[in-house]
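The values are calculated or read from the model by the stated rules, or taken from the named source; none is laboratory data. In this text, all values refer to a predicted model and were calculated from it rather than measured experimentally. Heads up, the Cβs are rebuilt from the backbone with ideal geometry, glycines too, and the neighbour counts pull from every protein chain shown.
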Amino acid sequence: MKKTLLGLGFERTDFTRQTAEFSGGWRMRIELAKILLQRPDLLLLDEPTNHLDIESIQWLENFLSTCNGAVILVSHDRAFIDAVTTRTIEISLGRIYDYKVSYSKYVELRKERREQQIRAYENQQKVIAETEDFIERFRYKATKAVQVQSRIKQLDKLERIEVDMEDTSRLSLKFPPAPHSGILPVEIEHLTKAYGDHIVLNDISLQIRRGDKVAFVGKNGEENLRW
């Protein structure tokens, strides 16, 4: 239990705390830990990395890669599913395609499959056109009647190749243009922030200029500011 909780980002000092003291995201980690500790034969996971930071995701990748049970997961984290899974199931336009490979390999195979379908379709269409042309030219010629009937039967028995449709739908969102901010949307001088006796910011001064991109990175609860 300790190994699992530490892997999911908890500190040893958290082990004696009440669940109600944790935020919603940390409670989700507790629920995930409870599931993993049951060692089930089958794990069904829907977006398991949503509430995890990078280190916890890496730990979960290793856990799932080495566990003995089967894992079925849905995730938008492509790096995560590529590191964990060995089989990819694509559901598109009412059809299911099953690939016995990881995600990145599936992308390659899907492209190859469609290219092969297109080539086979084009070749077949050429054969069909030539056959139909022969039938039309010699349909009423008695000496070619047997050949014409043979070609007609060939077309009737031909299994037509279809190219899988691609889902090209896209979500279209339009937002009205935002008004320009000032050159310095944020300017901070000598900022200090504390929770009780715990000081998290001490005499901070910074400027964020228009066009700057700001990210908070690091473990949950231990973010470092970079810009």
Residue in region 57-88 that is nearest to residue 168 (Cα to Cα), counting only those that are exposed (fewer than 13 other Cβ atoms within 10 Å of the Cβ) and among the hydrophobic types (A, V, I, L, M, F, W, C): 74
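Matching residues to (1) among the basic types (Lys, Arg); (2) within 30 Å of residue 114 (Cβ to Cβ); (3) at pLDDT 85 or above:
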residue: 129; (1), (2), (3): no, yes, yes
residue: 134; (1), (2), (3): no, no, yes
residue: 137; (1), (2), (3): yes, no, yes
residue: 147; (1), (2), (3): no, no, yes
residue: 155; (1), (2), (3): no, yes, yes
residue: 160; (1), (2), (3): yes, yes, yes
residue: 166; (1), (2), (3): no, yes, no
residue: 169; (1), (2), (3): no, yes, no
Hits in region 141-176 (condition: without any contact (Cβ under 8 Å) to a residue 24 or more places away in the chain, more than 17 Å from residue 95 (Cβ to Cβ) and either under 24 Å from the mean Cα position of the chain (by Cα) or assigned to a loop (DSSP other than H, G, I, E, B) (or both)): 141, 159, 170, 171, 172, 173, 174, 175, 176
List every residue pair whose Cβ atoms lie under 6 Å apart, where the two residues are 6 or more positions apart in sequence or sit on different chains, the first residue falls within region 101-119 and is under 13 Å from residue 86 (Cα atoms) and assigned by TED's automatic domain parsing to the domain that holds residue 160, and the second residue, located anywhere, is of a type in the set (Phe, Trp, Tyr) and not in a loop (DSSP other than H, G, I, E, B). 106/99
Looking only at region 45-56, and only at residues there that are more than 16 Å from the chain's Cα centre (by Cα) and not in a loop (DSSP other than H, G, I, E, B), the one that is surrounded by the most Cβ atoms within 10 Å (Cβ to Cβ): 56
